[in-house]
Amino acid sequence: MTGRIDVLTIFPGYLAPLELSLVGKARAAGLLTVDVHDLRTWASDRHRTVDDTPFGGGAGMVMRPDVWGLALDEVLSTGADVSQTVLIPTPAGEPFTQALAEELALLVCAGGQLALACGRYEGIDARVGEHYARAGEVNVREVSIGDYVLNGGEVAALVIIEAVARLMPGVIGNPDSLVEESHGSAGLLEYPVYTKPPSWRGQDVPEVLLSGDHGRIGRWRRRRAVDRTAQRRPDLIEALGPAQVRPARALDAEALAEVAARTFPLACPPSVTPTDAAAFVAENLSAEQFRRYLRDRRRHVLVAELAGAVVGYTLLVVGAPENERVRAAAPDAGAELSKCYVLEDFHGQGLAALLLTETLALAARSGLTALWLGVNRANERAQRFYGKHGFERVGERTFTVGTRTEHDYVMAHTLRSA
Ligand code: SAM
């Protein structure tokens, strides 16, 4: 049994698109009942007036509660024995979300009634919503489809009906299309999508999508979804909660290489060219190298994972410093904190601090008493960060990136035993 959707408006013709496309087909197939009512039917004067001047003065007109009351009473009487929701679109409402669309789709699927009251002018007299909410038999929601102002609620009603209807069984041909969509249960925006031709105006489809390797494709899509969300909707990333820090696994090697390739150049001073940085990454931070590191008991890699994607990592290399100057500067250091990186889009969320704290704890648990690290002399931000977490400047060293010899400060940290 499916329920019904009623739309009340002074412009029934505005809702004509509901005859088209998937919603139109669903209506024709009897999967969905949508009735559009002309509000003026319930007006009592010769001019079929539905509005009047606002109490308190000011510009514009307000829609009369008496006309809306008669209209809603009659439309709601048709579904008096089922669950009913009156939705009042208004820019002053709570945001209309995918979660609310799902809730309303469930209501309609379960035989309930959804009535949409489309305002015009300055909106509907506030007592209308309050009246139906107070009676308690009907759920009243005032919803906004976005932070902008339309001329009327009809376009908002179309938006809401389409978002609700496509979640109802049978409306979308392939229900798999609904999985992994933006604003779904993962809380992410969808990854970018591509189709034929594989090459278009000099742009190629990412190679991984042609590989047939579904594990890799899945990881690539997750990575892009998380990146896109961080760039476009940091609020959604924040809502996911804190990242998880865990030891890296063999399957993380490609993700680690990608994070390394994106983060390493940003930490280099301007004197290091992109070619030099890329040469360093290719030699030391490729997926193959990470696979090797992950097999090596003297290397510990921790990753920060957010919504299933690696967004940062640390690499700890156990062993006394090989470089004489470093050994002299940090004689007690039993390991080097070789890398501590977080993708730029995820800075400012305390992820680097979380990774570093976990790495220091791991080092202490492993019986190490001190760590050292090299940080470029020009990278004051990193020096401040390490200083805040207990590292002190103890010396200097040189460090080669591609063809460049760089000057680093050596910093050391004495660990409290676990
Ligand atoms: N005076 C109202 C305000 O500032 O909040 C705006 C009224 S608007 C011009 C007229 C009607 O358009 C509203 O009653 C509502 O039905 C609809 N409307 C406008 N913007 C909307 C939005 N962002 N979301 C939902 N409905 C909207």
Among the candidates Leu31, Leu22, which residue alone is part of a loop (DSSP other than H, G, I, E, B) and among the aliphatic types (A, V, I, L, M)?
Leu31
Condition set open to solvent by 90 Å² or more (accessible area, probe 1.4 Å) and in contact with a helix residue (DSSP H, G or I) (Cβ under 7 Å, 6 or more places away or on another chain), scope the stretch 184-224, selection farthest from Glu254 (Cα to Cα): answer is Tyr194
Of everything in the stretch 259-296, what is within 27 Å of Ala230 (Cα to Cα), crowded, with 18+ Cβ neighbours inside 10 Å and of a type outside the set (A, V, I, L, M, F, W, C)? Give them in sequence order.
Thr263
Any residue that is outside any loop (DSSP other than H, G, I, E, B) and under 33 Å from the mean Cα position of the chain (by Cα) - is there at least one of those in the stretch 69-85?
yes
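Which members of the stretch 306-322 meet the condition of being open to solvent by less than 10 Å² (accessible area, probe 1.4 Å) and farther than 14 Å from Phe346 by Cβ?
If we filter the stretch 306-322 for residues that are open to solvent by less than 10 Å² (accessible area, probe 1.4 Å), which is where we start, we get 306, 309-316, 321.
The answer is Thr314, Leu315, Leu316, Pro321.
Filter the stretch 146-173 for residues that are open to solvent by 30 Å² or more (accessible area, probe 1.4 Å) and either within 16 Å of the ligand (Cβ to nearest atom) or under 24 Å from the mean Cα position of the chain (by Cα) (or both) and give the result. Step through it out loud before you land on a result.
Step one: list which residues in the stretch 146-173 are open to solvent by 30 Å² or more (accessible area, probe 1.4 Å), which gives 147-151, 155, 158-159, 162, 166-167, 169-170, 173.
Result: Asp147, Tyr148, Val149, Leu150, Asn151, Val155, Leu158, Val159, Glu162, Arg166, Leu167.
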Residue within the stretch 128-145 that is within 21 Å of the chain's Cα centre (by Cα) and within 16 Å of the ligand (Cβ to nearest atom) present
yes
I'm trying to understand the selection: among the residues of the stretch 58-79, which are among the hydrophobic types (A, V, I, L, M, F, W, C) and open to solvent by 70 Å² or more (accessible area, probe 1.4 Å)?
Ala59, Leu70
Options Val108, Val82, Val50, Val86; residue that is open to solvent by less than 10 Å² (accessible area, probe 1.4 Å), more than 16 Å from the ligand (Cβ to nearest atom) and not basic (Lys, Arg):
Val108
All helices (runs of 4 or more DSSP H) inside the stretch 311-418 with 1 or more residues being under 30 Å from Arg228 (Cβ atoms) and in contact with a helix residue (DSSP H, G or I) (Cβ under 8 Å, 6 or more places away or on another chain):
351-365, 380-388
When both residues are 6+ apart or on different chains and their Cβ atoms are under 8 Å apart, which pairs have a first residue that lies in the stretch 191-204 and is under 16 Å from Trp220 (Cα atoms), and a second that is surrounded by 12 or more Cβ atoms within 10 Å (Cβ to Cβ) and among the aromatic types (Phe, Trp, Tyr)?
Tyr191/Trp220
Here the residues within the stretch 30-45 that are open to solvent by 50 Å² or more (accessible area, probe 1.4 Å) and in contact with a strand residue (DSSP E or B) (Cβ under 9 Å, 6 or more places away or on another chain) are Thr33, Asp35, Val36
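The values are calculated or read from the model by the stated rules, or taken from the named source; none is laboratory data. Source: prediction; values computed, not measured. Positions of Cβ are backbone-derived with ideal geometry, glycine not excepted, and every protein chain shown enters the neighbour counts. Protein only, heavy atoms only, side chains kept; ligands, DNA and RNA dropped before computing areas. Shrake-Rupley method; radii C 1.70, N 1.55, O 1.52, S 1.80 Å.
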